[in-house]
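Reading through the structure tokens given below for one structure.
The values are calculated or read from the model by the stated rules, or taken from the named source; none is laboratory data. All of these numbers come straight from a predicted model, not from anything done at the bench. Cβ atoms come from the backbone with ideal geometry, glycine included; neighbour counts cover every protein chain shown. For the accessible areas, the whole protein counts, side chains as well, though only heavy atoms, and no ligand, DNA or RNA atoms are used. Shrake-Rupley method; radii C 1.70, N 1.55, O 1.52, S 1.80 Å.
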Amino acid sequence: VVPQNPGEGKPSVPDNFVKVEFAAGENGTLTGTTTYWVNPNANKTLSNVTKPSVTAKEGYKFIGWDKKDTEAIGAGGLTVTAKYKKKVLTSDPSDTDYVKVEFSAGKHGTIANGTTKTYWVLKNEEVTLAAPSVTPNTGWAQKTGAEAWDKQLTGSYTTDTTITAQYQYNGTDVVPQNPGEGKPSVPDNFVLVEFKPGTNGTIAGTETTKYWVNPTKEVTLTAPSVTAADGYKHTGWDKPLTGTFANATDITAKYKAKVVTSDPSDTDYVKVEFSAG
């Protein structure tokens, strides 16, 4: 085994000696001796040759050579090429050396369709991932800097991982739940305050009857319109509309019958009496 020193020509070897050459491939560079001349009849293998050092280019990892150390060096010589794996991919490589890292918008925002939010990352390799843009829901803002996501964007991974956007609430203390829609995007501690029609009236389905309320703040709620049943008058609600609602609360409409036949002991009524004259 005779090395050909870097920058020099072929050394003086017998004519039947064959070339063993190491190639960097597309994703790295080699340092050291890359060419050897070997006696093909000496039963040599690649294990008898000192391999050059490999420096992978940015974003790649050197993982070995395309021929094994047990490869025999025969009359044809050998070209041995460095192999690499990309550290971050955007499509599934079906390779157990990779784990999936996925960005999630979480509960209070969205990530646009077509945005890259899933990566496959080479295990135990430090990488920096590009996070997708998040559109926060009304009343929310994504946190900034190192707090924008629940995990750092630079790091290494050994298992499938989800990175979730983090938010801070900047909305109002009272958030209506629009008729026919689900619960709005509010902090987890907000409580439901719901207006109920009671037994002697109705509330139209187009009226807002549900509000999600900050339990630590004094708020004033807007009551829905009530249609009293025939013979009744809507007179108000069983709880004040201004206050601090520490727990989920129902506020029910109150009514008075327009005509009663026994004394209600209520100054809102007057007595009307028929006399035979």
Conditions (1) more than 30 Å from Ala56 (Cβ to Cβ); (2) in a loop (DSSP other than H, G, I, E, B) -> Thr116 fails only (1)
Taking the condition of being under 17 Å from Thr90 (Cβ atoms), of a type in the set (Ser, Thr, Tyr) and surrounded by 18 or more Cβ atoms within 10 Å (Cβ to Cβ), how many residues in region 130-169 meet it? 1
So, first residue free of Cβ contacts under 8 Å to residues at least 24 places away in the same chain in region 53-74, second residue of a type in the set (Ser, Thr, Tyr), Cβ within less than 6 Å, six or more apart or across chains; the pairs are Ser53/Thr31; Asp66/Thr81
Here's a check for you: in region 197-226, which residue that is in a strand (DSSP E or B) and open to solvent by 70 Å² or more (accessible area, probe 1.4 Å) is farthest from Gly243 (Cα to Cα)? Thr202
Which is among the hydroxyl-bearing types (Ser, Thr, Tyr) and assigned to a strand (DSSP E or B), of Thr50, Thr96, Thr81? Thr81
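Any chance you could count how many residues in region 99-110 are within 30 Å of Gly139 (Cα to Cα) and open to solvent by 70 Å² or more (accessible area, probe 1.4 Å)?
Total satisfying the criteria: 2.
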Looking at Lys44, Lys57, Lys87, Lys19, can you tell me which residue is under 30 Å from Glu126 (Cβ atoms), open to solvent by 50 Å² or more (accessible area, probe 1.4 Å) and among the charged types (D, E, K, R)? Lys57
Looking at Thr252, Thr261, which is the one that is modelled with pLDDT of 95 or more, of a type outside the set (Phe, Trp, Tyr), more than 39 Å from the chain's Cα centre (by Cα) and not in a loop (DSSP other than H, G, I, E, B)? Thr252
Do you know which residues across region 111-129 are aliphatic (A, V, I, L, M), out of contact with any Leu (no Cβ under 6 Å at 6 or more places or on another chain) and surrounded by 15 or more Cβ atoms within 10 Å (Cβ to Cβ)? Ile111, Val121, Leu122, Val127
Tell me, yes or no, whether region 228-237 has at least one residue that is farther than 22 Å from Lys183 by Cα, polar (S, T, N, Q) and not in a strand (DSSP E or B). no
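Can you say whether Thr164 is assigned to a strand (DSSP E or B) and farther than 26 Å from Glu218 by Cα, as far as the supplied structure shows? Lay out the reasoning, then the answer.
Values: assigned to a strand (DSSP E or B): yes; farther than 26 Å from Glu218 by Cα: yes.
Criteria met by Thr164.
Quick grid of which residues meet (1) at pLDDT 95 or above; (2) more than 27 Å from the chain's Cα centre (by Cα); (3) more than 19 Å from Ala248 (Cβ to Cβ); (4) not aromatic (Phe, Trp, Tyr):
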site: Lys143; (1), (2), (3), (4): yes, no, yes, yes
site: Asp150; (1), (2), (3), (4): yes, no, yes, yes
site: Ser156; (1), (2), (3), (4): yes, no, yes, yes
site: Thr159; (1), (2), (3), (4): yes, no, yes, yes
site: Gln168; (1), (2), (3), (4): yes, no, yes, yes
site: Gln177; (1), (2), (3), (4): yes, no, no, yes
site: Val193; (1), (2), (3), (4): yes, yes, no, yes
